[in-house]
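Computed from the coordinates by the stated procedures, all read-outs in this text should not be read as laboratory data. Predicted model only: the values in this text are computed from it and were never measured. As a convention, Cβ positions derive from the backbone with ideal geometry for all residues, glycine included, and neighbour counts pool all protein chains shown.
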């Protein structure tokens, strides 16, 4: 069972049984394949007699997105499991536990999180998660600080950069986030109603320069180990728990890319409130909650990051007067820019978001799309001038007024 | 002969003889060990009957600098030979040819350049090299462009970043260039006469912030494959030929670090002209030659780099309006900053330069040291504002007036 092949359910059960100290040797196990089949097989293995369950996630050697299929490295399973283990060592309550990783099979055995929901779905149901800002800001601060040159021996960090060289998955981001949405590319799915706004983006040279600058940093700036795909579909949540999953895009890149991904997806949901037929007051209220969450996340992130820096910094020179302020300013600027890029690509790029696409009223959907493009492009254009997180909230307010 | 041990001359000859198509099988070969024994053994193997000769360079498992000795990875021989081969593929006339590399022995067989002189020595004799600016700017433009995301497939480039992860050698730079000279570190060798100026540097908080920012980019910005140690002691030269040698510090870093290294060493020689007892006019004339060379190198580099970009760029998005100008501006700014760092460390850091240290007149030597510190620190402080190369020449003029 060591050379790669897609597991059957019977093999998945046998593999689960082989993991020490998990299930009783003779107990009955049942398996359900719950993946969508586009990238991975996902087996939910449970032991009815005890209620215990685990997830077996096996990478498939291809990716299917919106009908297209292309080969995709199995090495992403190694990247994912190794990143999860690093994240677990830094904030064990905020990621699923990894029981085992089998390289040949591209197979990860991890904690079952079926009692959580995907956060995108939770936000689409207009739930509020009062602990989310604390959780995600702590995840970001710890995962980014301790993998950067600030929190980790600089020579060990270089070996870790080598471990997480991830060309194929980075290529997906480079194309689908930074390139295709800004030109008339085949991969785009442009909603016909907003063709004028999209064409405006295709012709906006000021915007293109800012995107090229942001992409340059994505290509070159090995600042910290990123999750690499930290949208609300990569977060499992419930009232008292947050779990960051699926870091198969992990690599060393600019911190603002991860923070910006979280903000972009909160702001896409903010835009999507156009589709809520509730009274204006309720809609404004939920929007305020989303913006307050953005601000709360940044404020907590900055506080936690500065605190880690001051208490656990391993780099003598990081104590240089003014350096911490300069550094955090750069991270904030990147955060604005990448948040913008992450919003724009979700409106008319290859992979879009249910927050917007499931709006039934066509004119409300169109308004949500236009707000997202307006806010996304203004974040991108503002990014090199950003000074405080309040400017992000102001740009969001402007986009709906 | 495959496990590592330091070669004897007899073994060096036997190894040279084993390389196909080089020496006649039965001819007499002679060997001279010409290294300084601090880092490498260097065997000069010659065939008197034909006049043919080659160099066998074997890394030693330690480094000795100014009396200190510490263990140092043999992997640097692999890095060096692989970087040389990349450089040869890009500008074959500007690097020594590599005949063979034997990993286990950390042994590189390369072209003999005994007919050249080390450029530092040539400048100390006040020679002029009319082709140097064209040669080194072409080397820099090609070596940096074709290893960056501009000139190389971005996924292949990521694999190359992995190949050139070079923690131990980078650590030397991080400590000796960016850290120790800015504090009272044991590794420094402070000339007593300039203790006041050095103490000023140790207390200059504005300067420390700029150095921390430059070091951050050195640590994180995987822009292109650098030589990593491109001072005038790493350049063999004669009137009609320039050869860049010794890239054992090679890694992916900011382009300005290599360009700045060349400028710093021209400017250290510029400062060292204080020690020339010739008439004032001759001294000013040689200084003008050095500054004109700095400007000529930058101008040619920029022209060649833009030309490669426009003709051979592999990145569609690099054609974005304004991006090339923005990019080159960043490279220029880095060049100012790293040139400054490379000057300062050569005055009172661990490894200094003969240009200054061999000045016999103590007060002239002191003036040269003070000029170097003045110019180095002003380049560092100016770096984020630099717009044209002329500002470097103006700062140099200011430092001697």
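Legend: ranking of residues B:73, A:108 from fewest to most surrounding C-beta atoms inside 10 Å; resulting order B:73, A:108.
Calculated [222 nm] ellipticity per residue, helices only, for chain B: -16500 deg cm²/dmol; basis is -39500 (n - 2.57) per DSSP H run with n ≥ 4, divided by all residues, nearest 500.
Take every pair of alpha-carbon atoms less than 8 Å apart whose residues are at least six positions apart; their mean separation over the length of segment B:107-266 yields a relative contact order of 34 percent. Sorted from closest to farthest, the other copies place their residue A:363 label points 8.9 nm away, with each point set 7 Å from Cα along Cα→Cβ. Exposure proxy ranking for B:99, B:309, based on other Cβ atoms within 10 angstrom of each Cβ and starting from the fewest, stands as B:99, B:309. For the Cα trace of chain A, dividing Rg by the Kirkwood Rh returns an Rg/Rh value of 0.97.
All C-alpha pair distances within segment A:41-129, sorted into 5 Å bins from zero, spread as 3, 12, 17, 18, 20, 18, 9, 3, 0 percent across the bins. Overall shape of segment A:264-401 was characterised from the C-alpha gyration tensor. The equivalent ellipsoid obtained from it has semi-axes of 33, 15, 12 Å, in decreasing order. Semi-axes of the equivalent ellipsoid of the protein assembly as shown are 52, 32, 24 Å, computed as sqrt(5λ) over the eigenvalues of the C-alpha gyration tensor in descending order.
Mean separation of Cα pairs under 8 Å and 6 or more residues apart, divided by the residue count, gives segment B:117-400 a relative contact order of 28 percent. Each other copy holds its own label point for residue A:391; taking that point as 7 Å from Cα along Cα to Cβ, the gaps run 2.1 nm, nearest first.
Taking a ≥ b ≥ c as the square roots of the Cα gyration tensor eigenvalues, with a/c under 1.5 meaning rounded and otherwise prolate when a/b beats b/c, else oblate, which class fits segment B:290-355?
Here segment B:290-355 falls in the prolate category.
Descending by average beta-carbon neighbour count within 10 Å, the peptides A:327-335, B:326-334 line up as A:327-335, B:326-334, the highest first. Taking the label point 7 Å along Cα→Cβ, residue B:162 and its counterparts in the other copies are spaced 1.1 nm apart, in ascending order. Sorting A:84, A:207 from the fewest to the most surrounding beta carbons within 10 angstrom yields A:207, A:84. Across segment A:317-380, Cα-Cα pairs farther apart than 13 Å form 68% of the total.
Pairing the Cα long axis of helix A:154-163 with the longest principal axis of chain A, what angle in degrees results, from 0 to 90 and rounded to the nearest 10? It works out to around 70 degrees.
Using a/c under 1.5 as the rounded threshold, could you call segment B:98-242 rounded, prolate or oblate? The axes a ≥ b ≥ c are square roots of the C-alpha gyration tensor eigenvalues, and prolate needs a/b larger than b/c, oblate otherwise. Because a/c hits 1.5 or more and a/b fails to exceed b/c, segment B:98-242 counts as oblate. Relative to the longest principal axis of the Cα atoms of chain B, the long axis of helix B:205-220 makes an angle of roughly 30 degrees.
Once the Cα-Cα distance is subtracted from the 0.36 nm per residue extended length, the residue A:92 to residue A:358 segment shows a gain of 92.4 nm.
Between helix B:362-382 and chain B there is an angle of about 80 degrees, using the helix long axis and the longest principal axis of the Cα atoms. First check a/c for segment A:178-257, with a ≥ b ≥ c the square roots of the eigenvalues of its C-alpha gyration tensor; if it is under 1.5, answer rounded, and if not, answer prolate when a/b is larger than b/c or oblate otherwise. Cα axes put segment A:178-257 in the oblate bin.
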